[in-house]
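Some notes on the structure that comes next.
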Amino acid sequence: MADRHVDALIVGGGIAGAACAAALHEGGFDGHVLIAGREPDPPYERPPASKGYLAGTMDRNACLLHDDAWYARQNLELATRTSVMKLDTAARTATFSTKEVVEYGVALLATGANVRRLRVDGAQLDGIHYLRALGNADAIRADAEEAEHVVLVGGSYIACEVAATLTSLGRRCTMVMLEDAPLITHFGAAASGFFTDLLRRKGVELVTADGLERFEGEERVQRVVTASGRTVDADLVVMGTGAVPDVMLARSAGLELGDTGGVACGADLATSAAGVWAAGDMCEYDSELHGRRVRIEHFEVAKAQGEAAAAAMLGERRPFREVPYFWTDLADWATAEWVGLSEDAEHEIVRGSLGDGEFSVLHLAGGRVVGALSVGRGDDLAHARRLIAEKTDVAGREEELARGDLEAV
Ligand SMILES: Cc1cc2nc3c(=O)[nH]c(=O)nc-3n(C[C@H](O)[C@H](O)[C@H](O)COP(=O)(O)OP(=O)(O)OC[C@H]3O[C@@H](n4cnc5c(N)ncnc54)[C@H](O)[C@@H]3O)c2cc1C
């Protein structure tokens, strides 16, 4: 027996959940909407946790997606520090950590992702941090005040961003990564060469093509030992070792899961349970654009999926066709923007000048543009987005793509 009824239940107070609530309101949804979120903070932007908020140039309030008045104005109920422990999709009820049982009309699962933890010797030592929430950034910043040697484990954007932020705060940073070069997995070889030079020039030491073996120290971490036997001094470690979709609730509710560990969804983001949609980092959807199921961990995609789920709840079920967009800031040194999916690329075309720090890289596969990166060339990014969305055939037009006007392609 339920304690009460809500018309729309949103599980997870990240950008996907908050965007769904906002879009429901804007779309004229007149029922009661409840966001249940595990974290102590109201919905906030996660990206500053490795950038301005970590640097101390942006405060907590500036990270919040909305102020208190917004939630009141929207006649929306926000329950923070509240986990949904159980979902019964046949009875359409959710059991909260407060023991309350809530019956829902429609539901959105937007439970996001958790950090990928590495179980190596010494992993329990003090001074080793993961970064997902603002609270993690608080702890890293506090530890960084005393730290002399910081090690970032990982070669992707979190490790690069934290290395840039902490280097700007005057810390000596070393990155230890499995990859041959930073950001190469997402951005490809050409852009990765640019970021390798940039990081080194700013004083970040790079240990590449080498794994993490163990941590050493008494109570606090003192050294990182790599797979090749190299030892790197460290009194602060930040792990940038990826994220795994949080599907604990979905799995226990019996929802179908996908190949990348997310919740399997149709093109319209509907899950295998009637009346339940998914959005954000844990949503693995049938992408018409990519011709397969994909799961994307980008802020703007999570936002757009929350909005698309709201539209579906309002009766507008459409395939989600958004071209994925992502950005990363390395302190005030450089901002890179990305559209598309990088994993498909067979060939890269560079436009502009890597040396001058103003360039774009088009990623091609099967005679089409499948992804593009821009540092300071926003127009190229906009054209690439169009070419990706329209699946334009560019076979044999490499010269034009490299030196021509993209508007004409
Ligand atoms: C440090 C950092 C920097 C980033 N920088 C960028 C960037 O520069 N550009 C970019 O595009 N992307 C960036 N991202 C990725 C981006 O922030 C994510 O893609 C986005 O936050 C995903 O939103 P979400 O709503 O799906 O999930 P989340 O933001 O993870 O929110 C999910 C929420 O659900 C809660 N939850 C989980 N289970 C339950 C439950 N059972 N009951 C109640 N609540 C639950 C979680 O506690 C969490 O608060 C960054 C991520 C991190 C961690």
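No lab work stands behind these numbers, since they all come straight from the coordinates. Remember, it's a predicted structure, so these values are computed and weren't measured experimentally. Neighbour counts are summed over all protein chains in view; Cβ atoms, including those assigned to glycine, are modelled from backbone coordinates with ideal geometry.
Observations
- Two-decimal log10 I(q)/I(0) for segment 238-332, as the Debye equation yields it once each C-alpha is a single scatterer, q = 0.18, 0.22, 0.23 Å⁻¹: -0.79, -1.12, -1.20
- Placing R0 at 22 angstrom, the Cβ-Cβ distance between residue 32 and residue 274 gives a FRET efficiency of 0.65 after rounding to 0.05.
- Calculated Rg and Dmax of the chain using C-alpha coordinates, Å: 22.1, 67
- The calculated FRET efficiency for residue 141 paired with residue 316, based on their beta-carbon distance and R0 = 51 Å, is about 0.75.
- Helix-only mean residue ellipticity at 222 nm for the chain, each DSSP H run of n ≥ 4 adding -39500 (n - 2.57), per residue, nearest 500: -7500 deg cm²/dmol
- For segment 119-126, 3J(HN,Hα) per residue [Karplus equation, 6.51 cos²θ - 1.76 cosθ + 1.60, θ = phi - 60°, Hz, x = Gly/Pro]: 9, 10, 4, x, 5, 8, 5, 5
- In nm, spacing of pseudo-spin labels at residue 59 and residue 120 (7 Å Cα→C-beta vector): 3.9
- Extension gain, residue 73 to residue 233, is 52.4 nm, computed as 0.36 nm per intervening residue step minus the present C-alpha separation.
- Residue order, fewest to most beta carbons within 10 Å, for 20, 63: 63, 20
- For segment 284-353, the relative contact order is 23 percent, taking Cα pairs closer than 8 Å that sit 6 or more residues apart in sequence and dividing their mean separation by the residue count.
- Residue 382 versus residue 327: modelled label distance in nm, points set 7 Å from Cα along the beta carbon direction: 1.5
- Convex hull projection area averaged over all views, segment 1-153, Cα basis, nm²: 11.2
- Comparing Cα centroids, segment 4-61 and segment 235-304 end up 17 angstrom apart.
- Using the average count of surrounding beta-carbon atoms within 10 Å as a protection proxy, the listed peptides 353-361, 379-387, 281-289 rank, highest first, as 281-289, 379-387, 353-361.
- Potential extension, residue 189-residue 216 segment - 0.36 nm per residue separation minus Cα distance: 6.4 nm
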